[in-house]
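Taken together, the values in this text are just the output of simple stated rules run on the coordinates, not laboratory data. Predicted model only: the values in this text are computed from it and were never measured. Positions of Cβ are backbone-derived with ideal geometry, glycine not excepted, and every protein chain shown enters the neighbour counts.
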Amino acid sequence: MKTRIISAVVLLPFLIFVVVSGGFWLKGCITVLGLIGMHEFYQAFSKQNMGLHMIGYIFALFYGQFMEQIINGNNYFNIFVSLFLVVLLIYTVICHDRTNALEGVTGFFGFFYVFFLLSHIYLIREFAYGQYLVWLAFIAAFGCDTGAYFIGIKFGKHKLIPSLSPKKTIEGAIGGIAMATLLSIAYGLWIGKVVIFKDVNLLLLCGLAGFFGSFLAQIGDLAASAMKRINGIKDFGKLIPGHGGVLDRFDSVILTAPALYYIMFFLIKK
């Protein structure tokens, strides 16, 4: 626990710096973290297939460089996804003696599960009011973790999904959602006094982000546990002392960020 806390304290200023800076710094950080996370995922599911990994990394780098244009451009995303899939299929045919369709699916899923979902942090930051609202992705994820931990210790009696995570309880899960939602609304009350949000129901946005973000944060954590369990590993990596790898630390954020982005997309008029 001590190592975990020290790592969090050391990394927090860096997180704040890159998120506040946005632009090049945040995009670069997301790209690096995304590539590391993809490497962790590929090592867990298809350790020996370097050719398939390289295809995933190349498309991830291209997406990382042009993610705004790909997401916002007319049909660009469809073209990107189709081309990525076609290249993977070509690879599985040409190299059928050392790969298979299942590993091709793994290569496709690895990009979207890690890099694409994580990239929504940058997309939020570049959205209208994103420099203020991006913190909701972290509040929902980490607030849920904290609430679930303490409520679970104090009141937890009924196991949530013991086959995936023996220590998680239903009471803790509810407490995590409640804590994250309250913290998100509290953040909205505070930031609303500092910044003028035109044509935005800020408290509704924050409440929805906290509620759905914290629910999905727990799904992300449990999904990562299921992936690790099926591969017989404790952690995806060892990059962050006390936390594990990128996927171990950001398994909840990679789902809270898309939730926040699409809530903003529908509630904010750009």
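So what does the Cα-only Debye profile of segment 111-257 read at q = 0.10, 0.11, 0.21, 0.22 Å⁻¹, as log10 I(q)/I(0), no solvent term?
For the requested q values the scattering log ratios are -0.36, -0.44, -1.28, -1.34.
Per residue, what volume in Å³ does the Cα convex hull of segment 25-131 take up? Mind dumping the intermediate values first?
Numbers: hull volume 8.6 nm³, N = 107.
It is 81 Å³ per residue.
Which value, in debye to the nearest 20, gives the size of the charge dipole of the chain about its Cα centre, when Lys and Arg are +1 and Asp and Glu are -1 at the Cβ?
Working: 20 positive and 12 negative charges, 130 e Å.
Dipole magnitude for the chain comes out near 620 debye.
When the chain is modelled as a GNM with alpha-carbon springs shorter than 10 Å, which of Leu208, Leu123, Leu102 fluctuates the most?
Of Leu208, Leu123, Leu102, the Gaussian network model singles out Leu102 as fluctuating most.
Over the alpha-carbon set of segment 152-235, divide Rg by the Kirkwood Rh and report the Rg/Rh ratio to two decimals.
Ratio of gyration radius to Kirkwood radius: 1.13.
Using DSSP H assignments, which helices in the chain have an axial alpha-carbon span of 20 Å or above and a mean Kyte-Doolittle hydropathy of 1.6 or higher?
2-21, 76-94, 253-267
Under a point-charge model restricted to the Cβ atoms of Lys and Arg (+1) and Asp and Glu (-1), what is the dipole moment magnitude of segment 160-268 relative to its Cα centre, in debye to the nearest 20?
Its charge dipole is roughly 200 debye.
At a threshold of 8 angstrom on Cα-Cα distance, excluding pairs fewer than six apart, so keeping six or more, what relative contact order does segment 45-137 reach in percent? Mind dumping the intermediate values first?
Numbers: 50 pairs, mean separation 29.7, N = 93.
Computed value for segment 45-137: 32 percent relative contact order.
So which residue, out of Gly22, Gly232, Gly37, gets the largest mean-square fluctuation from a GNM of the chain using Cα contacts under 10 Å as springs?
Greatest mean-square fluctuation among the candidates belongs to Gly232.
Taking just the alpha carbons, could you work out the radius of gyration and Dmax for segment 89-130, both in angstroms?
15.8, 51
Over the chain, what is the relative contact order in whole percent, taking alpha-carbon pairs under 8 Å and six or more residues apart?
For the chain, the relative contact order is 22 percent.
I'd like to know which of Asn78, Leu160, Phe111 lies farthest towards the positive end of the charge dipole of the chain, counting +1 on Cβ of Lys and Arg and -1 on Cβ of Asp and Glu.
Leu160
May I ask you to work out the translational diffusion coefficient for segment 10-52 at 37 °C, viscosity 0.692 mPa s, via Stokes-Einstein with Rh from the Kirkwood sum over Cα pairs, reported in whole µm²/s?
Reported coefficient: 278 µm²/s.
Report the net charge of residues surrounding Val18, where surrounding means a beta-carbon distance below 11 angstrom and charges are Lys +1, Arg +1, Asp -1, Glu -1.
Result for the local shell: +2.
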